[in-house]
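The values are calculated or read from the model by the stated rules, or taken from the named source; none is laboratory data. The structure presented is a predicted model; accordingly, all values stated were derived computationally and were not measured. Note that each Cβ is placed from the backbone with ideal geometry, even for glycine, and that neighbours are counted across all protein chains shown. All accessible areas refer to the heavy atoms of the entire protein, side chains included, with ligands and DNA or RNA removed. Shrake-Rupley method; radii C 1.70, N 1.55, O 1.52, S 1.80 Å.
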Amino acid sequence: MDPEQEYRQRQQVLNSYRAFLSQKLEPELRKAHEERVQVEEKIADYRSLLTQIESLEKTTTPAKRRENEEGREDEDEDDKKEPTTTTVRIDLGSEILCDLAVDNTNKLFVDIGLGFFCQLSHREARTLSKKRIEILTDVEREKREKEERIVEHVEIVANGIKSLMASSR
């Protein structure tokens, strides 16, 4: 094979590697990263919900808090509590904050997925949040592993391109 044909053949292989990298691997990596970030945001939302529940529970009277800590398992325990009123600061978006007066903090409306919301007691919301965090942490780990595999593939292809460019000189 003459040197010019060999050079053209290497250039074709080099171009196909570059195309594979830019058309296949880079979009996959971007998508995998975005999916992982979305799962991390959901985890952060559920952790924030847990924090909010704790702060709401601190506003209850000490006697009622002791009853809750003793582990009373009365199913309607949150219904028997006197409604408490509190003021919270919420983000309307774009970091625009607003004070909101909440009349009854004994029940919470929680997004349970697919656009459905469910009214839950503090205990139920806490349990749901912990389970969702556990599940989403496993999903996040899988997404991170997928992203790492794609990065390894990108590195392999990039090294192949480097070696082809070095041998074509």
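Do you know which residues across segment 101-125 are closer than 18 Å to residue 58 by Cα and part of a strand (DSSP E or B)?
Step one: of segment 101-125, the residues closer than 18 Å to residue 58 by Cα are 101-108, 120-125.
Listed by number, the residues that qualify are 101, 102, 107, 108, 120, 121.
A quick yes/no check of all residues on (1) open to solvent by less than 100 Å² (accessible area, probe 1.4 Å); (2) in a helix (DSSP H, G or I); (3) at pLDDT below 95; (4) under 30 Å from residue 121 (Cα atoms):
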| position | (1), (2), (3), (4) |
| --- | --- |
| 1 | no, no, yes, no |
| 4 | no, yes, yes, no |
| 8 | no, yes, yes, no |
| 11 | yes, yes, yes, no |
| 15 | yes, yes, yes, no |
| 30 | no, yes, no, no |
| 34 | no, yes, no, no |
| 55 | yes, yes, yes, yes |
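Within segment 139-169, track down each residue that is open to solvent by less than 50 Å² (accessible area, probe 1.4 Å), over 30 Å from residue 50 (Cβ atoms) and not small (Gly, Ala, Ser). Break it down stepwise before answering.
Keep residues of segment 139-169 that are open to solvent by less than 50 Å² (accessible area, probe 1.4 Å), which gives 139-140, 147, 150, 154, 157-158, 160-161, 164, 168.
Now restrict to residues that are over 30 Å from residue 50 (Cβ atoms): 150, 154, 157-158, 160-161, 164, 168.
150, 154, 157, 161, 164, listed by residue number.
Being in contact with an Asp or Glu (Cβ under 7 Å, 6 or more places away or on another chain), of a type outside the set (A, V, I, L, M, F, W, C), open to solvent by less than 90 Å² (accessible area, probe 1.4 Å) and at pLDDT 80 or above, is that true of even one residue in segment 130-138?
No: segment 130-138 contains no residue that is in contact with an Asp or Glu (Cβ under 7 Å, 6 or more places away or on another chain), of a type outside the set (A, V, I, L, M, F, W, C), open to solvent by less than 90 Å² (accessible area, probe 1.4 Å) and at pLDDT 80 or above.
Which residue pairs have Cβ atoms under 8 Å apart, sit 6 or more places apart or on different chains, and have a first residue in segment 130-146 that is touching a residue at least 40 places away in the same chain (Cβ under 8 Å) and a second that is in a helix (DSSP H, G or I) and among the aromatic types (Phe, Trp, Tyr)?
Close Cβ pairs (under 8 Å, with a partner that is in a helix (DSSP H, G or I) and among the aromatic types (Phe, Trp, Tyr)) amount to 132/46; 133/46; 136/46.
Of the residues 25, 29, 49, which single one is touching a His at 6+ places or on another chain (Cβ under 7 Å) and among the hydrophobic types (A, V, I, L, M, F, W, C)? If you could, list the steps in order and put the result at the bottom.
Working: 29 fails: touching a His at 6+ places or on another chain (Cβ under 7 Å); 49 fails: touching a His at 6+ places or on another chain (Cβ under 7 Å).
None of the other options fit; the residue is 25.
Modelled with pLDDT under 75 and in a helix (DSSP H, G or I): is that true of residue 78 in this structure? Lay out the reasoning, then the answer.
Values: modelled with pLDDT under 75: yes; in a helix (DSSP H, G or I): yes.
When the stated conditions are applied, residue 78 passes them.
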